[in-house]
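Asker: Below is the structure I would like to discuss, written out as C-alpha cells.
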Amino acid sequence: GLNRQEFVEACQALAGVLSLNHFVIISQALQSMDRHVEHELVHLNKHQRKMNRRFLKLRHRLRKVYHFDGAPRKMMEMVAKVTEQRQRSLNRFGGSMMGSAAAGGSMLGSGHGSMGGVP
C-alpha cells in the first residue's frame, strides 16, 4: 500500500503526465491544422494567379481596344472642340444680334430658338 503522501505524489505525477499528453495532442492537432492551411493556401495562390492572368488578359484587351487607336480620346476632343466653337459663336453674336440667332438657332428657322443651323 501507499501512504497518503505517496498517493498525492502519484496523483500529481499522473496529472502531469496527462496534461503533458493533452499538450502533445493539442500540438499534433495544431500541426495538422497548419498542414491543411498550407494546402488550402497553395490552392488559393493558384486561384489568385489564374484570376490575375484573366484580369491581365482583360486589361490588355481593353487597352488594345481603347488606347491603341485612341478612339474615346479622339471623340472627347471632337466634342470639346464643337462645344468650344458653339460657345465662341454664342459669345460673338450674343451682344449684337437679337432673336433666335443669339440663342444659337438659324435665321431661317421658325424664330423660336431651334438648333437647326448650328455648325
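Asker: Peptides 81-90, 40-49: what's the order by average Cβ count within 10 Å, highest mean first?
Answerer: Details: 81-90: 11.7, 40-49: 10.1.
The most tightly packed comes first, giving 81-90, 40-49.
Asker: Stick to Cα atoms and the Kirkwood definition of Rh, then tell me Rg/Rh for region 2-76.
Answerer: Radius of gyration over Kirkwood radius for region 2-76 works out to 1.70.
Asker: Would you be so kind as to identify which of L18, F55, S32 lies farthest towards the positive end of the dipole of region 1-77, taking Lys and Arg as +1 and Asp and Glu as -1 on Cβ and the Cα centre as origin?
Answerer: Sorting the options by dipole projection puts first F55.
Just so you know, all these numbers are worked out from the coordinates, no wet-lab data involved. Bear in mind that the values here come from a model prediction, so they are computed numbers and not experimental data. Please note: Cβ atoms are built from the backbone with ideal geometry, for glycine as well, and neighbour counts cover all protein chains shown.
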